[in-house]
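The values are calculated or read from the model by the stated rules, or taken from the named source; none is laboratory data. Computed from a predicted structure; not experimentally measured. Glycine gets a Cβ as well: all are built from the backbone with ideal geometry, and neighbour counts include every protein chain shown. Please note that ligands, DNA and RNA were not included when accessible areas were found on the heavy atoms of the full protein model with its side chains. Shrake-Rupley method; radii C 1.70, N 1.55, O 1.52, S 1.80 Å.
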Amino acid sequence: MYDKNIEKVLISEEMIKQRTQELAKKISDDYRGKRLIMVCVLTGAMVFFADLIRQINIPVEVDTIVASSYGAGMTTSGSVRISKDIKYDISGKHVILVEDIIDTGVTLKTLTKMLATRAPESLKVCSLLDKPSRRKVDFEGDYVGFKIPDEFVVGYGLDYAEKYRNLPEVCVYRTQQEN
Ligand code: PRP
C-alpha cells in the first residue's frame, strides 16, 4: 500500500482515534475549572496535537515549541536544540507538553527541566507513544497513548528524514532491506 520501506501498520487510525478520545477525556476531567495551556512539541506532535485538542471539552489555550535533536538519522544524538520557544508566560499556569514519542527521554527531560524553571503551577507530559526500552535518562510521561516495542516507527506525524509524517497510521519502517 505504501512504499517498500513500510513494513506494516503498528497502530491503526481507529486505535489512535479511540485512545486519543480516552486521553482527552482524562485530561478534560483532570483540568476542569483550571486554566490549561497545551504546548505542541513540533514537529512530530502536530498531528496528534491537532486531534487531541479537538477532543478536549474544557477551555484550553495552545502554544508551540520547536525542539529537535541534532542530525537526520534514526537515533537521538543526545543534544536538544530549542529553535522556537513558547509565547506564554507560564508562571502560575497549568501546562501540558504534548509529544508524539518518548524514546531516549532526552528531549522531554530537557524541555521539562527548562520549563520548570519558569514556575508553572503544574507541568505534565502527554505522549502518543512511549518506547520504554530505549530510555537513556529517567523519564515517565503522565498521559501515554501506547507503549511500543523498539521498532522504528513513522507516520501520524513521525518521520524518517522528514518523510512519512502524513501517513494516517503509525507504521513500522523497514530498517533491514530484503535481499
Ligand atoms: C523526535 C520526537 C521527540 C523526540 C523523542 O523528535 O518528536 O521530540 O524525537 O526522542 P527522545 O526521547 O530520544 O529525545 P525529532 O528530534 O526527531 O524532531 P521532530 O519532532 O521534528 O521529528
Conditions (1) part of a loop (DSSP other than H, G, I, E, B); (2) open to solvent by less than 50 Å² (accessible area, probe 1.4 Å); number of the one not met by Asn57: (2)
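Given Met46, Met38, which one is in contact (Cβ under 8 Å) with a residue 40 or more places away in the chain, out of contact with any Phe, Trp or Tyr (no Cβ under 6 Å at 6 or more places or on another chain), more than 13 Å from Leu97 (Cβ to Cβ) and within 16 Å of the ligand (Cβ to nearest atom)?
Every option except Met46 fails the conditions.
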- prompt: Scanning the range 63-84 for residues that are at pLDDT 70 or above and over 19 Å from Gly105 (Cβ atoms), which turns out least open to solvent (accessible area, probe 1.4 Å)?
  reply: Asp63
Filter pass, Ile58 being modelled with pLDDT of 95 or more, in contact with a Lys or Arg (Cβ under 7 Å, 6 or more places away or on another chain) and more than 16 Å from the ligand (Cβ to nearest atom): yes
field: Residue within the range 43-53 that is over 19 Å from Val153 (Cβ atoms), over 12 Å from the mean Cα position of the chain (by Cα) and hydrophobic (A, V, I, L, M, F, W, C) present
entry: yes
query: Scanning the range 89-109 for residues that are open to solvent by 30 Å² or more (accessible area, probe 1.4 Å) and among the small types (Gly, Ala, Ser), which turns out farthest from the ligand (Cβ to nearest atom)?
result: Gly92
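With the requirement that a residue be of a type in the set (A, V, I, L, M, F, W, C) and open to solvent by less than 80 Å² (accessible area, probe 1.4 Å), what does the range 38-47 give you? Spell out the reasoning first.
Just the residues of the range 38-47 that are of a type in the set (A, V, I, L, M, F, W, C), to begin with: 38-42, 45-47.
Met38, Val39, Cys40, Val41, Leu42, Ala45, Val47, listed by residue number.
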message: One residue is enough: does the range 119-141 have a residue meeting the conditions aromatic (Phe, Trp, Tyr), assigned to a strand (DSSP E or B) and open to solvent by less than 30 Å² (accessible area, probe 1.4 Å)?
response: no
- line: Of the listed residues (Val144, Val154, Val172), the one being under 21 Å from Ile53 (Cα atoms) and among the aliphatic types (A, V, I, L, M) is Val144
statement: Cys40 vs (1) under 17 Å from the mean Cα position of the chain (by Cα); (2) not in a strand (DSSP E or B): all pass except (2)
message: So, in the range 3-37, exactly how many residues are surrounded by 15 or more Cβ atoms within 10 Å (Cβ to Cβ) and part of a loop (DSSP other than H, G, I, E, B)?
response: 1
Answer residue from the range 162-173, given it is in a loop (DSSP other than H, G, I, E, B) and loosely packed, with under 15 Cβ neighbours inside 10 Å and is modelled with the lowest pLDDT among those: Glu162
